[in-house]
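Here's the structure, in structure tokens; my notes come after.
The values are calculated or read from the model by the stated rules, or taken from the named source; none is laboratory data. Quick caveat, the model's predicted, so the values are computed rather than measured. In this analysis, Cβ positions are derived from the backbone assuming ideal geometry, glycine residues included, and neighbour counts consider all displayed protein chains. All accessible areas refer to the heavy atoms of the entire protein, side chains included, with ligands and DNA or RNA removed. Shrake-Rupley method; radii C 1.70, N 1.55, O 1.52, S 1.80 Å.
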Amino acid sequence: AALPAGGWPEAALVELLIPVDGVGELALLLPTLARLTRAGREVAWVDPPYRPYAPALARAGIDLARLRVVDTGGRQTAWALEQCLRSQACGAVLGWPPRADDKTLRRLQVAAETGQALGFLFRPLAAARNASPAALRLQFEAGALRVLKCR
């Protein structure tokens, strides 16, 4: 409801800037992920910091048969994200890149547009200082959610 279009942008990169893991960032995505998997779309998690807890995801309505976890050990996160986004096989791709410069983010934005996928990147709050080609940037801080950028 806080977004101008009333929801996530389509075929775009979204940055979720968080102070620490577990501040409710996944809860924000669960309804969309459930809708996508129920529609038969794959959802990829690339290098999540923790193993996804299947019982909670199933309770949220996510079809676990449509969930893919990619573990590159943090060495090829950007490459794996780009491939998943560009493939047209995924409805959404969630990623936890250890670092991402503006060139990498631009490649991921183009890949999301090309593959008609939603890309969600979880990044530290410090990344807010840098410019980004992402269509949407949200900042979680002190129990609040703030829209930093929205195309």
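Just the residues that are out of contact with any Pro (no Cβ under 7 Å at 6 or more places or on another chain) and either among the polar types (S, T, N, Q) or open to solvent by less than 10 Å² (accessible area, probe 1.4 Å) (or both), please, taken from the stretch 95-110.
Of everything in the stretch 95-110, those that are out of contact with any Pro (no Cβ under 7 Å at 6 or more places or on another chain) and either among the polar types (S, T, N, Q) or open to solvent by less than 10 Å² (accessible area, probe 1.4 Å) (or both) turn out to be GLY95, THR104, LEU108.
All but one of (1) closer than 16 Å to ARG99 by Cα; (2) of a type in the set (A, V, I, L, M); (3) out of contact with any Pro (no Cβ under 8 Å at 6 or more places or on another chain) hold for ALA56; state the number of the condition that does not hold.
Going through the list (1) closer than 16 Å to ARG99 by Cα; (2) of a type in the set (A, V, I, L, M); (3) out of contact with any Pro (no Cβ under 8 Å at 6 or more places or on another chain), ALA56 breaks only (1).
Restricted to the stretch 8-28, and to residues that are touching a residue at least 12 places away in the same chain (Cβ under 8 Å) and farther than 23 Å from THR104 by Cα, which residue is least open to solvent (accessible area, probe 1.4 Å)? Walk me through it before giving the result.
Within the stretch 8-28, the first condition is being touching a residue at least 12 places away in the same chain (Cβ under 8 Å), and the residues that meet it are 8-19, 21, 23-25, 28.
Filter once more, so that each one left must be farther than 23 Å from THR104 by Cα: 23-24, 28.
On the way: VAL23: 62, GLY24: 35, LEU28: 61 Å².
Within the stretch 8-28, the match that is least open to solvent (accessible area, probe 1.4 Å) is GLY24.
Out of all the residues in the stretch 75-94, which are touching a residue at least 12 places away in the same chain (Cβ under 8 Å) and loosely packed, with under 14 Cβ neighbours inside 10 Å?
GLN88
A quick yes/no check of all residues on (1) over 19 Å from ARG51 (Cα atoms); (2) modelled with pLDDT under 95:
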| residue | (1), (2) |
| --- | --- |
| CYS90 | yes, no |
| ARG106 | yes, no |
| ALA112 | yes, no |
| PHE120 | no, no |
| ALA128 | yes, yes |
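Which ones in the stretch 38-74 are in a strand (DSSP E or B), open to solvent by less than 50 Å² (accessible area, probe 1.4 Å) and of a type in the set (D, E, K, R)?
Of the residues in the stretch 38-74, the ones in a strand (DSSP E or B) are 42-46, 67-70.
From what is left, the residues that are open to solvent by less than 50 Å² (accessible area, probe 1.4 Å) are 42-46, 67, 70.
Listed by number, the list holds a single entry, GLU42.
For a quick check of your reading of the model, give me the residue pairs whose first member lies in the stretch 113-136 and is more than 12 Å from LEU16 (Cα to Cα) and open to solvent by less than 30 Å² (accessible area, probe 1.4 Å), whose second is in a loop (DSSP other than H, G, I, E, B) and among the aromatic types (Phe, Trp, Tyr), with beta-carbon atoms closer than 8 Å and at least 6 apart or on different chains.
The qualifying pairs are LEU118/TRP8.
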